[in-house]
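Quick note: the coordinates plus some simple rules give every number you see, no bench work behind them. Every value quoted in this text rests on a predicted model; they were computed, and no experiment measured them. Cβ coordinates were reconstructed from backbone atoms using ideal geometry, including for glycine residues, and neighbour counts include every protein chain displayed.
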Amino acid sequence: MKTLPNSIVIAVLFCGLVVQAQSMVAKVNSNPAQPDLSIEKFLFPPTNDKALRVHVLNNGSAASTPCVLRLTVRKINGISVGRVTEIKLLPIPPGKDKWIVINAQSILPNNVSLESTTFKLNADATGTVAESDEANNEIWHNQ
């Protein structure tokens, strides 16, 4: 039986390692970077009882695309409703955040403050942004 020279054996092993490495890189690159929008918190400004300041964060590894921040009032004075207002949410770079003001004046009676209602907020309510975690886009108040 004839043995191969060490240099050929080493070359064959090296080629095998290169092919394995290329395969691993291809698998990593098949999962493209994605944004991940989440609503971190919201605040009621003391000067407007129908508005809300919303803190939206992109926890993902890519910028988001333009989408919608939707406010849905579900209950007013204990009565179920489905009143909706929304604003455009501009792209947010990865790891960055934005404070956005949304006003519910057009969907609330004059004598009702937003804080006294039950509502939900949803970043990317239209589902236009493909995200790494779709479950953290929504937050409720007085649920």
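Annotations for the structure displayed:
- Separation in nanometres of the label points that stand 7 Å from Cα toward Cβ, at Ser116 and Asn142: 0.8
- Relative packing of 131-143, 59-71, which averages over residues the other C-beta atoms within 10 Å, highest first: 59-71, 131-143
- Cβ-derived FRET efficiency at R0 35 Å, Thr47 paired with Asp133, nearest 0.05: 0.55
- Spin-label model, Lys75/His55: points 7 Å from Cα along the beta carbon direction are separated by 2.7 nm.
- Rounded to the nearest 20 debye, dipole of region 40-130 from Cβ charges on Lys, Arg, Asp, Glu: 100
- Each label was represented as a point 7 Å from its Cα along the Cα-to-Cβ direction; for Gln34 and Val101 these points are 3.4 nm apart.
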